[in-house]
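These notes are about the structure you will find just below.
The values are calculated or read from the model by the stated rules, or taken from the named source; none is laboratory data. Remember, predicted model here, so these are calculated numbers, not experimental data. So basically every Cβ, Gly included, is an ideal-geometry build from the backbone, and we count neighbours across all protein chains shown. All accessible areas refer to the heavy atoms of the entire protein, side chains included, with ligands and DNA or RNA removed. Shrake-Rupley method; radii C 1.70, N 1.55, O 1.52, S 1.80 Å.
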Amino acid sequence: TWVICDRFIDSTLVYQGYGQNIDKNLIDHLNKIIIDGFQPDLTFILDLPVEKGLKKAQNRSQKENRYEEMGLSFHNKLSDAFKVIAQNNPERCHIIETNQPMEQTALAIQHIIQKKFNLSMV
């Protein structure tokens, strides 16, 4: 069974722990209680310069934008936190530079999936 999701415990840790200063140990403890410490087999951290990401977010039609309004320093802190998580979990986490054509980003992701799970993708 394959499950693909766009947010998981890393996002909670980054946004609430690093971004809003909620006790990181509490977040870890809740993770252990709620999902028994489950971690994904593979995590992609899609990295885009903060300024570019905020500009893209402003152009979305979604009405939810509370995080986008929190300013550049907040978002730089989030970006740094995701990179720390990736450094601490090199087997699971892969930073993918997205300041490139979408096709290159997709190929980078595909390559990592193939290698991680010993798959041949067509």
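Where a Cα-Cα gap under 13 Å defines reach, which aspartates and glutamates qualify for Lys24, not counting those fewer than 8 residues away within the same chain?
Within reach: Asp10.
Where in the chain are the helices, taken as whole DSSP H runs, whose Cα atoms extend 20 angstrom or more along the long axis and whose Kyte-Doolittle mean reaches at least -0.5?
Details: long enough: 72-88 (24 Å, -0.06); 102-117 (23 Å, -0.01).
Membrane-span-like by this criterion, though nothing is claimed about a membrane: 72-88, 102-117.
Full-extension gain between Leu26 and Glu69, please, as 0.36 nm times their residue separation minus the C-alpha to C-alpha distance. Present the calculation step by step, with values, prior to reporting the outcome.
Details: separation 43, 0.36 × 43 = 15.48 nm, distance 2.61 nm.
Between Leu26 and Glu69, full extension yields 12.9 nm more.
Give me the distance in nm between label points sitting 7 Å out from Cα along the Cα-to-Cβ direction at Asn89 and Phe8, one decimal.
Going from the Asn89 label point to the Phe8 one covers 0.6 nm.
Convert each backbone phi in segment 2-19 into a coupling constant with the Karplus relation 6.51 cos²θ - 1.76 cosθ + 1.60 (shift: θ = phi - 60°), then list the ³J(HN,Hα) values in order as whole Hz, x for Gly and Pro.
Values, residue by residue: 10, 10, 10, 9, 9, 8, 7, 4, 4, 5, 4, 4, 5, 5, 8, x, 6, x Hz.
Sum -39500 (n - 2.57) across every DSSP H segment of at least 4 residues in the chain, then divide by the residue count to get the 222 nm mean residue ellipticity, nearest 500.
After summing the helix terms and dividing by the residues of the chain, the value is -14500 deg cm²/dmol.
So who's got an amide H within less than 5 Å of the one on Ile95, skipping anything under 5 residues away but keeping other chains? H placed 1.01 Å off N, in plane.
Sorted by chain and number, the residues that satisfy this are Ile45.
Which one of Leu78, Asn59, Leu26 has its Cα pushed farthest toward the positive end of the charge dipole of the chain, where Lys and Arg give +1 and Asp and Glu give -1 at the Cβ?
So the residue we want is Asn59.
Express the carbon and sulfur contribution to the solvent-accessible surface of the chain as a percent, rounded to the nearest whole number, probe 1.4 angstrom.
On the way: 4830 of 9080 Å².
C and S atoms contribute 53 percent here.
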